[in-house]
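Below: one structure, written as structure tokens.
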Amino acid sequence: MRAAGTNPERLTASFGGPAARLDFFDPQTFAPAARGCSALFLMRPPAIAAVRRTLIPFLAVAREEGVRHVVFLSVQGAASNPLLPHHTVESRLCADPGTWTILRPGFFAQNLQDAYARDLTEDSRLYVPAGAGRVAFIDVRDIAEVAADALLSPDTHEGQAYTLTGPAALSFAEVADLLSELLGRRIRYEPASVLGYVAHLRRRGLEAAQIGVMLALHLGLRFGQAASVDPTLARLLGRPGRSLREYARDHVAAWR
């Protein structure tokens, strides 16, 4: 088993095992990263929207190097939304002669530590264009368990596309209340307008393609695209998925 990314030294330190350099903008790194591997877990870096020039060529090289099974971390709704780069990768995999498993999780609970972290720590607010939409946040630790099983038991999961959600759907106002309770300070939810959100992401330094992906993902929340709770995760894990309260309690130090 090896990790692969643009900083193999850092990966080795955090992963505790061998790491290879993989840069989706440098095709020379594709073959060495995949060589000798029979299975691949593939995640699209958020900064990459042009997957036809990056992830798709890497998949072709990985197959040539002997990768038989690919577990792809997609996103809920990607199958029917061609605006999402995940849709292109899914379509490529489905046309591929090799085997695959597609994971389509809803919104990550860990977005609170990542995409929303600065807003929470600097402004004590959640600022997204989600309106009153509800979200069945999923803890990435649960996704990791499903991904590991799909890698280790490919025959069981071959050709499957799993929609994965957390056990309950919450509004962003409820998320703000939960964080306020755990942190002991007021966190407010401020629904963003489309223009306000685009301007906000520009100030945060995101490029146009990244802003487009973030906008497409969040606008769907207004119309309930992430509100449904799917039983698949609990069935695959043999237990309920972690709640947002469990996640936030385990990571509360991140917002202090």
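The values are calculated or read from the model by the stated rules, or taken from the named source; none is laboratory data. What you see is a predicted model, and the numbers here were worked out from it, not measured in a lab. Glycine also receives a Cβ, built like all others from the backbone with ideal geometry; neighbour counts cover every protein chain displayed. Accessible surface is based on the protein model in full, side chains and every heavy atom, while ligands, DNA and RNA are left aside. Shrake-Rupley method; radii C 1.70, N 1.55, O 1.52, S 1.80 Å.
Using the structure shown, decide if R125 is surrounded by fewer than 20 Cβ atoms within 10 Å (Cβ to Cβ), at pLDDT 95 or above and touching an Asp or Glu at 6+ places or on another chain (Cβ under 9 Å).
Criteria met by R125.
Quick test for you: out of A33, A49, pick the one residue that is open to solvent by less than 60 Å² (accessible area, probe 1.4 Å) and closer than 20 Å to A147 by Cβ.
A33
Small (G, A, S) and surrounded by 15 or more Cβ atoms within 10 Å (Cβ to Cβ), is that true of A199?
It is false that A199 is small (G, A, S) and surrounded by 15 or more Cβ atoms within 10 Å (Cβ to Cβ).
Counting only residues that are assigned to a loop (DSSP other than H, G, I, E, B) and in contact (Cβ under 8 Å) with a residue 40 or more places away in the chain, how many does the stretch 101-128 have?
So the answer is 5.
Only one residue in F72, F58 is touching a residue at least 24 places away in the same chain (Cβ under 8 Å), part of a helix (DSSP H, G or I), of a type outside the set (A, V, I, L, M) and open to solvent by less than 20 Å² (accessible area, probe 1.4 Å), so which one is that?
Answer to the selection: F58.
Could you tell me whether Q210 is open to solvent by 60 Å² or more (accessible area, probe 1.4 Å), on the phi < 0 side of the Ramachandran plot and under 19 Å from the mean Cα position of the chain (by Cα)?
No, not satisfied.
So for the stretch 230-238 (the condition being farther than 18 Å from R125 by Cα, surrounded by 13 or more Cβ atoms within 10 Å (Cβ to Cβ), of a type in the set (A, V, I, L, M) and in contact with a Pro (Cβ under 9 Å, 6 or more places away or on another chain)), does at least one residue qualify?
Yes, the stretch 230-238 contains at least one residue that is farther than 18 Å from R125 by Cα, surrounded by 13 or more Cβ atoms within 10 Å (Cβ to Cβ), of a type in the set (A, V, I, L, M) and in contact with a Pro (Cβ under 9 Å, 6 or more places away or on another chain).
Taking the criterion of being closer than 22 Å to Q76 by Cα, in a helix (DSSP H, G or I) and open to solvent by less than 40 Å² (accessible area, probe 1.4 Å), would at least one residue in the stretch 173-187 satisfy it?
yes
Please work out if A117 is surrounded by fewer than 15 Cβ atoms within 10 Å (Cβ to Cβ), over 22 Å from L103 (Cβ atoms) and modelled with pLDDT under 95.
Judged against the criteria, A117 is a match.
Looking at T88, T99, T165, which is the one that is within 29 Å of F41 (Cβ to Cβ) and in contact with a Ser or Thr (Cβ under 9 Å, 6 or more places away or on another chain)?
Result: T165 is the single residue among T88, T99, T165 that is within 29 Å of F41 (Cβ to Cβ) and in contact with a Ser or Thr (Cβ under 9 Å, 6 or more places away or on another chain).
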